[in-house]
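Below is one structure, written out as structure tokens; comments come after it.
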Amino acid sequence: MIKIGLVGKTNTGKTTFFNSATLASAEISNYPFTTKQPNIGNAHAITICVHKEFGLQDNPRNSRCIDGWRFIPVELVDLPGLIKGAWEGKGLGNQFLSIAAQSDALLHIVDASGSIDAAGKIAESGSGDPVADVGDIEEELVMWYLKLFEANRDKISRNIDSGTEPVNAITEVFRGIGVREDHVRMALVQNNLVGVALDDFGPQQSKDFCWSLRDISKPTLIVANKVDLPTSTDNFRRLREEYKDMIVVPSSADAELTLRRAESRGLIRYIPGDERFEINEQTSLNDKQKWALNFIRKDILGEYMRTGVQFAINVAVFKLLKMNAVYPVADAKRMSDKHGNVLPDVFLMRSGSTVEDLANEIHSELAKGLLYALDARDGLHLPTNYHLKDRDVLSIVSAKKKK
């Protein structure tokens, strides 16, 4: 399952974002390090389901389908808040970094209202600087990579001297935090370091390389949270101007949590990420609930179209990680599994993945005897090295059957 980590300083609303996306009940408070242990829960990436295209009624197993939208589970991890010096072990830095290493992508939650100071403590609204807050956390992440690189420089050099390719030697040091060979290769190219001896990497070159490697291996978007507060408008604009190379998503996690809880109680009809909601019965709402829902409809959905929580998750999955939703079926004609369930499963496959990769994802036995895949739309035989596309519906044909 794809893992998305929530990072940021304390009191930025990370746990509220987590609760709104997972409907969990993790502790929310205004004192530092409320989240001492990571909160882990299931959120969803949402995409249009293919069943309507074929005029079928689907029977999902590994996901859900609601009003034509397929909800695909992803793991969300609410990490302890960071402070300056986290890479040196300050605060809960070591614990954070060891968990962040397991994330495929990061959502950097920042308090767009400027209601926290540089240390992450509650401050007067507008007195904090979210632009600087983002810079602080990004620097911590880069220094974590640089520390790992410098601590293993001699080991990397020895491996290169013994005949290991430089890309492989560097990757081996970072592999434990999810870095792949292609990540290292891209970072070297970006910094014109291909063919440059490791011993000739200067301090700034090493840091620039680690900065690129961090960006590539842990793609990140900025979630400008608390955007509904009066002091957020200018800060949101500043964030977009300062971080033009990153995606900045306006968000109100508090509003999303209100909508999700109201929907779970049957008070409203709402699909996460939608631009609107419907009140089921006005008389079932008290005055406070009516005011809150009217505020969300007018000042958040009316201004920003959405609360931003589900949108941020979707962007992380489909844009940052470049995932495609692929539907494997056993029977290409009926588009079902062997039990007759129509379009039962959907897999998130990274761009560039092949039929062979999909077979391995389903079951290793299928991959061992893999012959080809059958396109359920047109019946074409697809070779094992065919690159999967979003919304593909395929039947894997193998000499070996899944046990």
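The values are calculated or read from the model by the stated rules, or taken from the named source; none is laboratory data. Since the structure is predicted, the reported quantities are computational estimates derived from the model, not experimental observations. When we count neighbours, we look across all protein chains shown, and the Cβ atoms used for this are built from the backbone with ideal geometry, even at glycine. In case anyone asks, the SASA skips ligands and DNA or RNA and just uses the protein heavy atoms, side chains included. Shrake-Rupley method; radii C 1.70, N 1.55, O 1.52, S 1.80 Å.
Taken about its Cα centre, segment 212-296 carries a charge dipole of about 180 debye when Lys and Arg each add +1 at the Cβ and Asp and Glu each add -1 at the Cβ. Calculated accessible area for the chain comes out at 47 Å² per residue, all protein chains present (probe 1.4 Å; ligands, DNA, RNA ignored).
For I247, the amide hydrogen comes within under 5 Å of the amide hydrogens of I222, counting only partners 5 or more places away or on other chains and with H modelled in the peptide plane. Can you pull out the trypsin sites (Lys or Arg not before Pro) in segment 38-80 whose DSSP state is coil and whose Cβ has at most 14 other Cβ atoms within 10 Å? Counting only loop positions with at most 14 other Cβ atoms within 10 Å, the trypsin sites (Lys or Arg not before Pro) in segment 38-80 are K52, R61. For the chain, carbon and sulfur atoms together expose 49% of the accessible surface, with a 1.4 angstrom probe and every protein chain in place. In the chain, helices alone account for a calculated mean residue ellipticity at 222 nm of -10000 deg cm²/dmol, with every DSSP H run of four or more residues adding -39,500 (n - 2.57). Taking a Cβ cut-off of under 10 Å around I2, the surrounding Lys, Arg, Asp and Glu residues balance to a net charge of 0, with basic ones at +1 and acidic ones at -1. The loop-placed trypsin sites (Lys or Arg not before Pro) in segment 273-302, going by DSSP, that have at most 16 neighbouring Cβ atoms within 10 Å of their Cβ come out as R276. Of the residues K14, K207, K121, ranked by 1.4 Å probe accessible area with the largest first, the sequence reads K121, K207, K14.
For the pair E181 and V194, the difference between a 0.36 nm per residue extended length and the Cα-Cα distance amounts to 3.3 nm. Phi angles across segment 382-388 convert, under the Karplus curve 6.51 cos²θ - 1.76 cosθ + 1.60 with θ = phi - 60°, into 3J(HN,Hα) values of 10, x, 5, 9, 4, 7, 5 Hz, Gly and Pro given as x. 3J(HN,Hα) along segment 50-57: 7, 5, 5, 4, 9, x, 10, 9 Hz, from the Karplus curve 6.51 cos²θ - 1.76 cosθ + 1.60 with θ = phi - 60°, whole Hz, x for Gly and Pro.
Here the dipole of segment 180-246 is about 260 debye; that uses its Cα centre as origin and unit charges on the Cβ of Lys and Arg (positive) and Asp and Glu (negative).
Placing a pseudo-label 7 Å from each Cα along the Cα-to-Cβ vector at D345 and A118 gives an inter-label distance of 5.2 nm. Think of the chain as a dipole: +1 on every Lys or Arg Cβ, -1 on every Asp or Glu Cβ, centred on the Cα centre; then among L141, G163, V326, V326 lies furthest on the positive end. Each Lys and Arg Cβ is given +1 and each Asp and Glu Cβ -1; about its Cα centre, the chain then shows a dipole of about 1160 debye. Accessible surface comparison of H387, H183, H363, H339, probe 1.4 Å, protein chains only, largest first: the order is H339, H387, H363, H183. For R276, the shell of other residues with beta-carbons less than 13 Å away shows a net charge of -1, using +1 for Lys and Arg and -1 for Asp and Glu. Could you compute the net charge surrounding Q289? Neighbours are other residues with a C-beta less than 11 Å from the C-beta of Q289; K and R count +1, D and E count -1. Surrounding charge for Q289 is +3. Relative to the current alpha-carbon distance between R158 and N294, full extension at 0.36 nm per residue lengthens the span by 42.5 nm.
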